[in-house]
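A.B. asks: My questions will all concern the structure given below.
The values are calculated or read from the model by the stated rules, or taken from the named source; none is laboratory data. This one's a predicted model, so the numbers in the text were calculated from it and none came from an experiment. Virtual Cβ from ideal backbone geometry, glycine too; neighbours counted across all protein chains shown.
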Amino acid sequence: MAAERATTEVRQQLGLGRILPLGEAADGVWVAEEAALAELHRSVPGARLSAVRLDPSGPRAAAESAVPAPAGALPPGPLTLTANLAVYADRPVPAAAEEVRRTLLAAAEGELGLPLEYVDLRVTELVEAGGAGRGRGQEEGSGPRESAEAPDSGPEPAARGAEPEGRAAAAGTEQEEAAGRVARAVLAVEGVVRLAPAQGPAFTHVAVGPRFGAVRIEGDPGAGPCHVLLRVAVSPARRVLDTARAAGAAAREALGTSGGVTVAVLVAAVDRR
């Protein structure tokens, strides 16, 4: 059951691209690659980027997360961005590329909290000033995909395996109540726009298997220990990492389990509507 559940979750999350670390190992925060790339693109509106990719800077740089990570997530550690860049012919190529590089690094830290260590830009095209061509948002594979709105499924208790019927029902009710408390606390956090279930607004690209809720609790929320996985969409008005950290803290406080609570936060989208 656990293996099947994890496999299904990975397949669903493929619609967001890979799951990238935010902040440091102790933060327990990740972001969907699609959301991160969309924000980085917006930071350089005049640049024409294509074939953009984020990868770990190296296996030795990765760290062990302080909390259980979302299925398929990259481990915490520095990242490297690689991309092709078209620059206008009326500017020196090195200066134009360096300006884009500095802007991307600043946006990664200041707007996202993304541990971007290197930016490797390959200048592949010179564009005449005022010349026609596809803009940034039209570069193949370089821009964010549109996703249809879908209703929030709300909190979801974790699968409990083969338990006696009475105990399973009681545990399910307890987890549902706890997930409700967590959801209310998280939605009250500054910068959290909505909960983002796995086939909700930001997860519509891959629709296989059961729908995964935006709040999932594994373990005993009454006595602990337990682990919470949150999926949220946030506002760009506040740094994404800061909002996600606050959401995780709110979830822990809402449970108040003496036996220990760990929280992983997955930022599925940055909502600009």
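A.B. asks: Under the condition of being modelled with pLDDT of 80 or more and part of a loop (DSSP other than H, G, I, E, B), which residue from region 170-209 is farthest from the chain's Cα centre (by Cα)?
C.D. replies: Ala188
A.B. asks: Further, regarding this structure: So is Arg53 of a type in the set (Lys, Arg) and touching a residue at least 60 places away in the same chain (Cβ under 8 Å) or not?
C.D. replies: In short, no.
A.B. asks: Looking only at region 30-87, count every residue that is closer than 17 Å to Arg102 by Cα, outside any strand (DSSP E or B), among the hydrophobic types (A, V, I, L, M, F, W, C) and in contact with a helix residue (DSSP H, G or I) (Cβ under 8 Å, 6 or more places away or on another chain) and tell me the total.
C.D. replies: 4
A.B. asks: For region 41-93, name all the residues that are within 15 Å of Thr124 (Cβ to Cβ) and of a type outside the set (A, V, I, L, M).
C.D. replies: Here is the first cut: in region 41-93, the ones within 15 Å of Thr124 (Cβ to Cβ) are 47-53, 82-89, 93.
Arg48, Ser50, Arg53, Thr82, Asn84, Tyr88, listed by residue number.
A.B. asks: State all residues of region 214-273 that are of a type in the set (Val, Ile, Thr) and under 24 Å from Leu112 (Cβ atoms); if no residue qualifies, say none.
C.D. replies: Val215, Val228, Val232, Val234, Val240, Thr243, Thr262, Val263, Val265, Val267, Val270
A.B. asks: A follow-up question, please. (1) more than 18 Å from the chain's Cα centre (by Cα); (2) crowded, with 19+ Cβ neighbours inside 10 Å; (3) on the phi > 0 side of the Ramachandran plot: which one isn't true of Ala51, the others all being true?
C.D. replies: For Ala51, the exception is condition (2).
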